[in-house]
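Working notes, structure below.
The values are calculated or read from the model by the stated rules, or taken from the named source; none is laboratory data. For clarity, every value in this text was computed on a predicted model and none was experimentally measured. Quick reminder, even Gly has a Cβ in these numbers, built from the backbone with ideal geometry, and neighbours come from all protein chains shown. Ligands, DNA and RNA are stripped out before the accessible areas are found, and what is left, the full protein with its side chains, is counted by its heavy atoms. Shrake-Rupley method; radii C 1.70, N 1.55, O 1.52, S 1.80 Å.
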Amino acid sequence: YDVEVGEQHQDKRASGPAVPPAAAAFLLSQLGAHAAALFAQRVAQLDLTPEQAGLLRLVALQPGRSQQALADQLGVAPSKIVSLVDGLEARGFLERRRSTSDRRYYALHLTDRGTQVLAEIREVGLQHENELTAALDGAERLKLIELLQRIADQQGLEPGVHPGYRSLSVDAPRPRN
């Protein structure tokens with residue numbers, strides 16, 4: 001059914017009964033779940049979780065921030081960030097340094113190894129983006145991004161922060177070393 005006028009439309013893909021077109025919210029949810037699952041598979045090839053990849057990205061964008069500041073930005077309990085940082089530090093991707101402005105906190109920084117793995121994550125992300133949007137030309141991709149950003153802004157979503165962090169378990173499994 002057309003959401004606006006309640007008309008029934010014939011599905012051009014099938015020769016059966018009319019199938020209602022999907023609503024925008026459903027398509028966003030469907031594509032979001034699909035994209036998240038594919039990205040998880042792709043970063044798993046780097047022996048990372050999406051949460052770890054995202055945290056490395058945030059630290060690279062804002063080096064020197066504390067675990068507490070990152071937890072606040074992500075809207076999660078600090079214990080969730082500690083667990084992620086512990087795993088990434090053990091693998092040599094991140095390091096904690098005493099904050100120069102407040103000795104009670106540790107500032108997070110990428111190591112050289114972390115910078116290398118972040119370059120691999122970026123390549124995986126670019127391939128992911130290109131494959132997901134292959135049905136669109138360049139102008140259509142830009143328009144889609146513009147429209148989705150307007151919706152994200154209207155919904156008050158934190159730019160660059162995936163809401164999946166909020167459901168992250170404190171005892172999230174860590175990839176093998």
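Confirm whether GLU89 is at pLDDT 95 or above, open to solvent by 60 Å² or more (accessible area, probe 1.4 Å), charged (D, E, K, R) and outside any helix (DSSP H, G or I). No, not satisfied.
Looking at region 42-62, is at least one residue β-branched (Val, Ile, Thr), under 24 Å from VAL124 (Cβ atoms) and assigned to a loop (DSSP other than H, G, I, E, B)? Yes, region 42-62 contains a residue that is β-branched (Val, Ile, Thr), under 24 Å from VAL124 (Cβ atoms) and assigned to a loop (DSSP other than H, G, I, E, B). Identify all residues within region 135-159 that are assigned to a loop (DSSP other than H, G, I, E, B) and open to solvent by 70 Å² or more (accessible area, probe 1.4 Å); write none if there are none. Result: ALA135, ASP137, GLN155, LEU157, GLU158, PRO159. Checked against (1) at pLDDT below 90; (2) out of contact with any His (no Cβ under 7 Å at 6 or more places or on another chain), LEU48 passes all but a single condition, namely (1). Checking each residue in region 92-115 for being open to solvent by 60 Å² or more (accessible area, probe 1.4 Å), in a helix (DSSP H, G or I) and touching a strand residue (DSSP E or B) at 6+ places or on another chain (Cβ under 9 Å) picks out no residue at all. Summed over region 117-130, residues that are loosely packed, with under 13 Cβ neighbours inside 10 Å and free of Cβ contacts under 8 Å to residues at least 24 places away in the same chain total 4.
Per-residue answers, yes or no, for (1) hydrophobic (A, V, I, L, M, F, W, C); (2) touching a helix residue (DSSP H, G or I) at 6+ places or on another chain (Cβ under 9 Å):
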residue: ASP112; (1), (2): no, no
residue: VAL124; (1), (2): yes, yes
residue: THR133; (1), (2): no, yes
residue: ILE145; (1), (2): yes, no
residue: ARG150; (1), (2): no, no
residue: GLY156; (1), (2): no, no
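Within region 22-41, the set of residues being open to solvent by less than 50 Å² (accessible area, probe 1.4 Å), assigned to a helix (DSSP H, G or I) and more than 11 Å from ILE121 (Cβ to Cβ) comprises GLY32, ALA35, ALA36, LEU38, ALA40.
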